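Engineer: One structure coming up, written as structure tokens, with questions to follow.
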Amino acid sequence: MAGHRAGVRGPGRSRPPGEGGLSVPDTSRPTPGVLRIGNASGFYGDRFDALRSMLTGGPLDVLTGDYLAELTMLILGRDRLKNPSSGYARTFLRQLEEGLGLAQTRGVKIVANAGGLNPAGLAAAVSELAERVGVPVRVAHVEGDDLLAARDWGEGVLTANAYLGGAGIAECLRGGADVVVTGRVTDAALVTGPAAAHFGWGDDDLDALAGAVVAGHVLECGTQATGGNYSFFGEHDVRRPGFPLAELRADGSATITKHPGTGGVVDIGTVTAQLLYETGSARYAGPDVTARLDTVRLTQDGPDRVTISGVRGEAPPPTLKVGLNRIGGWRNEVVFVLTGLDIDAKARLVKDQVADALAAPGVKKAPDEVRWELARTDRADAGTEETASALLRLVVRDSDPDAVGRAVSGAAVELALGSYPGFHVTAPPGKGAPYGVFEAAYVPAAEVPHTAVLPD
């Protein structure tokens, strides 16, 4: 497909499967013909020791980490404004201080999208770390997703990143990389890339790619596949669920499981719940393939083992999704605590007092948006002050930071001795902070570069 296959930047094209890629025989692999791909992160801030635990808990071929949510891209965009050399997930580097040696000893490739807005910078930092800790590894990265300078996205856009597929990751691994870091790729690309490199899939192996996309979608949110955020959590011990892994096969089928002795559970219910997470129609479109979710077959193949089979794939769409993050304006918040009797009357008094304060002659501009919400967390005849209290939340928004700053915090604090009995707030009001807005755009896939950058 146009725009799908990644180019390689370096002295030559990648080698065929079996010559420097993941297809080199590994006698530690428990099952012939199976590629074991694990997950150690579902978001930026996930369990820090997961990378080490996954490397030491059982056999793996590839360990992946998903660090990029839409909010994360906004956070990294603000970081980049302060320091152009930043823009990647620094937690990943700290995890690698110990994990890099463990991965090399166990022959595990590491693939993560922790590069965020600066995959080249993260790759350089990983190489420096490897030299410092004395672990000789080849670090490659994938770029091309950052389209901020490619066109005019409108006022206030901080980040504009296309969701790339797994082709660039596959090229890096075929080129002999031990660690691959990317910017914005689809979450499932962290699985389709290694699987394509290992099994030698091409763009036309749609069913196999679709199976890998489904497996990648199950793995991408980490412990959500092993009992986390699960509606029927009461049926299992999910105090500390283990992270999931997939045993992939050449036809694209996979068995979802976890390391022995780890918490949580893998069953048809947990896998189904994750499969339905953030999906819409039966056609799950992505840059590698359109996976037909209505063809997925799940089979319980023993304790903590669910096999995914029968997945059919169709051609990917001709466009790529682009995630846009912009500064939407400025926001401030004050939470008033209302305790005891006459909660509704106390709430009306505060609202009237704040409205009068924001309309006072000395206020240059009142916020464009003022929203109140009363949460009745109080109970009659409560045994403690906290359980006798309700929360009245004030949220203001405006394009002008001054409109949500001192005028709002002053209006709240100055009521302290002249409002309802027992007046207090949950925290001192601040000066406000910028808030972000996410939206999606679409561009022709053929117009988006997709480059695998090898270390040499």
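Engineer: Arranged by the count of other C-beta atoms within 10 angstrom, fewest first, what order do Cys172, Cys221 take? Intermediate values should be presented prior to the final figure.
Structural biologist: Details: Cys172 35, Cys221 22.
With the sparsest Cβ surroundings first, the list reads Cys221, Cys172.
Engineer: A follow-up question, please. Which net charge results for the neighbourhood of Glu220, defined as the other residues with beta-carbon distances under 11 angstrom from its beta-carbon, given Lys and Arg at +1 and Asp and Glu at -1? Could you put the intermediate results ahead of the total?
Structural biologist: Numbers: positive: none; negative: Asp66, Asp187, Glu278.
Here the charged neighbours net out to -3.
Engineer: Quick one: of the DSSP bridges fully inside the chain, what percent are antiparallel, nearest 5?
Structural biologist: Numbers: 62 of 81 bridges.
If we restrict to bridges inside the chain, about 75 percent are antiparallel.
Engineer: Under 8 Å for C-alpha pairs, at least 6 residues apart: give me the relative contact order for the chain, rounded to a whole percent.
Structural biologist: Numbers: 1072 pairs, mean separation 84.4, N = 456.
In percent, rounded to a whole number, it is 19.
Engineer: Determine which aspartates and glutamates satisfy two conditions relative to Lys258: a Cα distance under 15 Å, and not lying fewer than 8 residues away in the same chain.
Structural biologist: Asp61, Glu220, Asp237, Glu247, Asp267, Asp301, Asp304
Engineer: So which trypsin sites (Lys or Arg not before Pro) in region 79-174 pass both tests, a DSSP loop state and at most 12 other Cβ atoms within 10 Å of the Cβ?
Structural biologist: Working: sites: Arg80, Lys82, Arg90, Arg94, Arg106, Lys109, Arg132, Arg138, Arg151, Arg174; in loops: Arg138, Arg151.
Qualifying residues, ordered by number: Arg151.
Engineer: Here's another thing I want to ask about it. Given Ala114, Leu129, Leu71, which one lies farthest toward the positive end of the charge dipole of region 40-146, if we put +1 on the Cβ of every Lys and Arg and -1 on the Cβ of every Asp and Glu?
Structural biologist: Farthest towards the positive pole: Leu129.
Engineer: Roughly how many nanometres apart are two label points built 7 Å out from the Cα toward the Cβ at Ser399 and Thr377?
Structural biologist: In this crude spin-label approximation the distance works out to 3.5 nm.
Engineer: If you average 1/r across every pair of different Cα atoms in region 245-396 and take the reciprocal, what Kirkwood value do you get, in Å? Spell out each step's value before the answer.
Structural biologist: Working: mean 1/r = 0.0467 Å⁻¹.
By the Kirkwood definition, the hydrodynamic radius is 21.4 Å.
Engineer: Among the trypsin sites (Lys or Arg not before Pro) in region 263-368, which ones are in a DSSP loop with at most 16 other Cβ atoms within 10 Å of the Cβ? Mind listing them?
Structural biologist: Numbers: sites: Arg283, Arg292, Arg297, Arg305, Arg312, Lys321, Arg326, Arg331, Lys346, Arg348, Lys351, Lys364, Lys365; in loops: Arg305, Lys364, Lys365.
Passing both the DSSP loop test and the Cβ count: Arg305, Lys364, Lys365.
Engineer: Where a Cα-Cα gap under 28 Å defines reach, which lysines qualify for Lys351, not counting those fewer than 8 residues away within the same chain?
Structural biologist: Within reach: Lys364, Lys365, Lys431.
Engineer: Relative contact order, percent, of region 324-438 when contacts are C-alpha pairs under 8 Å separated by at least 6 residues? Working shown, then result.
Structural biologist: Working: 210 pairs, mean separation 53.7, N = 115.
RCO, region 324-438: 47 percent.
Engineer: Which is farthest toward the positive dipole end of region 324-438 among Val337, Pro367, Ala416, measuring Cα position about the Cα centre, with Cβ charges +1 (Lys, Arg) and -1 (Asp, Glu)?
Structural biologist: Pro367
Engineer: Quote the charge dipole size of the chain about the Cα centre in Debye, to the nearest 20; the model charges only the Cβ of Lys and Arg (+1) and of Asp and Glu (-1).
Structural biologist: Details: 44 positive and 55 negative charges, 111 e Å.
Once rounded to the nearest 20, the dipole reads 540 debye.
Engineer: Can you list the HN-Hα couplings for region 442-450, worked out from phi with the Karplus curve (6.51, -1.76, 1.60; θ = phi - 60°), rounded to whole Hz and with x for Gly and Pro?
Structural biologist: Karplus values, whole Hz, x for Gly and Pro: 9, 10, x, 4, 5, 8, 9, x, 9.
Engineer: Show that you can apply the helix-only estimate: for the chain, add -39,500 (n - 2.57) for every DSSP H stretch of four or more residues, divide by all residues, and state [θ] at 222 nm to the nearest 500. Kindly include the intermediate steps, with their values, before the conclusion.
Structural biologist: Details: 10 runs with 117 residues, N = 456.
Result for the chain: -8000 deg cm²/dmol, rounded to the nearest 500.
Engineer: Placing +1 on the Cβ of each Lys and Arg and -1 on the Cβ of each Asp and Glu in the chain, which of Leu81, His236, Leu349 has its Cα farthest towards the positive end of the resulting dipole?
Structural biologist: It is Leu81.
Engineer: Using unit Cβ charges (K, R positive; D, E negative) and no other charged atoms, how large, in debye to the nearest 20, is the dipole of region 193-309 about its Cα centre?
Structural biologist: Dipole magnitude for region 193-309 comes out near 340 debye.
Engineer: Further question: May I ask you to give the average projected area over all directions of the convex hull of the Cα atoms of region 24-126, in nm² rounded to one decimal?
Structural biologist: Numbers: hull surface 27.5 nm².
So the mean shadow area of the Cα hull is 6.9 nm².
Engineer: Separate question: For region 324-438, what is the charge dipole size about the Cα centre, in debye to the nearest 20, if Lys and Arg each add +1 at the Cβ and Asp and Glu each add -1 at the Cβ? Please report the intermediate quantities before stating the final value.
Structural biologist: Working: 14 positive and 16 negative charges, 79 e Å.
Rounded to the nearest 20 debye, it is 380 debye.
Engineer: Another question, if that's okay. Sort His217, His236 by Cβ crowding within 10 Å, fewest neighbours at the top.
Structural biologist: Values: His217 25, His236 17.
Listing His217, His236 from fewest to most nearby Cβ atoms yields His236, His217.
Taken together, the values in this text are just the output of simple stated rules run on the coordinates, not laboratory data. Keep in mind the model is a prediction, meaning the values are calculated, not measured. Note that we place each Cβ from the backbone using ideal geometry, even for glycine, and neighbour counts take in every protein chain shown.
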